[in-house]
Amino acid sequence: MRECDDASNYKPIVCRINSITELTPYEKLFRVEIPEDMEFTYQPGQFVLLSVWGFGEAPISISSSPTRPGYLDFAIRKAGSLTGALHLLQPGDKIGLRGPLGTCFDIDELRDKDLLLIAGGCGLAPLRSLIHYCQDRRSEFKQITILYGAKTAQDLLYKPELADWEQSDVFDCHVTIDSADPDSNYTGNVGLLPDLIPPLEIEPDNTAAVLVGPPVMYQFVIEQLKKKGLKENQIIVSLERHMKCGIGNCGHCAIDHLLCCTDGPVFNLSALSEVRGAL
């Protein structure tokens, strides 16, 4: 997978939080302004290290698209001291940012193909960057199918956007949840994410699949994609590991001989076939 341009980024830049939107009881969407005197160039699939003074920093996927300049979006789940500190911030507060870091979804490999964009749970956050890119450059791609699954209706990210994607002529979008609360107003599909794949009509020779989500789902989704005729070199995955430095120095995110922060997080599945512990 082609590595995108990035800088050394040892020193964070200071960015202002423009807005904060609640996505679920656990996730918030932070829209961050890029300083006017700074050029920030990134591609879908990359991440940054966000910092709150006194709490350290954490790797966070970019959830916005470079086709929409001037700001960056981050969907952040409250899961520890740093993310807890972020959730206490308000619009107007400032945070640190290092990046962009890591590899990206290679647009050149995806162009002129049918796309299967598949996300589970929080995996929709980084995939949203690619979805917005495809939406803004729609003529560069053929049929685009979005598959998204979450545990419950409460856990679905970007609910208004999901509704728009399902009704749009731009995408063929299918959403499912593992289980539904009988007392909820949810009326959509209930079932596991891999079960959305068998009914699809796919031309395997000209299709690329992009998969982002919890590791537990990868094996089952990949199995269904292979049954549809996709080969490993047609499947792109984004992996999650415990990244610390973000620039390949600390080794916390090692996957066999690879480093998730610099060799990834985006990989072509064929490059992982002999890598122990990748999936």
Task: Failed item, numbered, when Ser270 is tested on (1) closer than 23 Å to Asp108 by Cβ; (2) without any contact (Cβ under 8 Å) to a residue 12 or more places away in the chain - done: (2)
TODO: Tell me which of these Val175 doesn't satisfy, since it passes every other one: (1) buried (at least 18 other Cβ atoms within 10 Å of the Cβ); (2) of a type in the set (A, V, I, L, M, F, W, C); (3) not in a strand (DSSP E or B).
DONE: (3)
Open item on the list: For Asp108, only one of the following conditions fails: (1) open to solvent by 40 Å² or more (accessible area, probe 1.4 Å); (2) within 21 Å of Leu130 (Cβ to Cβ); (3) assigned to a strand (DSSP E or B). What is its number?
Closed with: (3)
Open item on the list: I want to confirm something. Restricting to the stretch 224-235 and keeping residues that are part of a helix (DSSP H, G or I) and more than 21 Å from the chain's Cα centre (by Cα), which single residue is farthest from Ser129 (Cα to Cα)?
Closed with: Lys227
TODO: Out of the residues in the stretch 185-208 that are in contact (Cβ under 8 Å) with a residue 40 or more places away in the chain and of a type in the set (Val, Ile, Thr), state the one that is most open to solvent (accessible area, probe 1.4 Å).
DONE: Ile202
Task: Count of residues meeting criterion [assigned to a helix (DSSP H, G or I), open to solvent by 90 Å² or more (accessible area, probe 1.4 Å), closer than 27 Å to Phe30 by Cβ and free of Cβ contacts under 8 Å to residues at least 40 places away in the same chain] in the stretch 137-166 - done: 3
Open item on the list: Which condition from (1) in a helix (DSSP H, G or I); (2) crowded, with 19+ Cβ neighbours inside 10 Å; (3) modelled with pLDDT of 95 or more is the one that Leu211 breaks?
Closed with: (1)
Open item on the list: Looking only at the stretch 248-279, count every residue that is in a loop (DSSP other than H, G, I, E, B) and surrounded by fewer than 19 Cβ atoms within 10 Å (Cβ to Cβ) and tell me the total.
Closed with: 13
Task: Candidate set from the stretch 44-101 (those that are in contact (Cβ under 8 Å) with a residue 40 or more places away in the chain and of a type in the set (Ser, Thr, Tyr)); member that is farthest from Asn249 (Cα to Cα) - done: Thr67
Task: Qualifying residue in the stretch 65-74 (condition: open to solvent by 40 Å² or more (accessible area, probe 1.4 Å), assigned to a strand (DSSP E or B), within 29 Å of Val237 (Cβ to Cβ) and touching a strand residue (DSSP E or B) at 6+ places or on another chain (Cβ under 9 Å)) - done: yes
Open item on the list: Looking only at the stretch 39-86, filter to residues that are of a type in the set (Val, Ile, Thr) and under 12 Å from the mean Cα position of the chain (by Cα); which one of those is nearest to Glu22 (Cα to Cα)?
Closed with: Ile76
TODO: Would you mind stating whether Thr41 is over 23 Å from His174 (Cα atoms), at pLDDT 95 or above, open to solvent by 10 Å² or more (accessible area, probe 1.4 Å) and of a type in the set (Ser, Thr, Tyr)?
DONE: no
Open item on the list: Every residue in the stretch 79-102 that is part of a loop (DSSP other than H, G, I, E, B) and either among the aliphatic types (A, V, I, L, M) or at pLDDT 95 or above (or both), please.
Closed with: Ala79, Leu88, Leu89, Gln90, Pro91, Gly92, Asp93
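The values are calculated or read from the model by the stated rules, or taken from the named source; none is laboratory data. Because the structure is a prediction, the values reported are computed rather than measured. Every residue, glycine among them, receives a Cβ derived from its backbone with ideal geometry; neighbour counts consider all protein chains shown. Ligands, DNA and RNA are stripped out before the accessible areas are found, and what is left, the full protein with its side chains, is counted by its heavy atoms. Shrake-Rupley method; radii C 1.70, N 1.55, O 1.52, S 1.80 Å.
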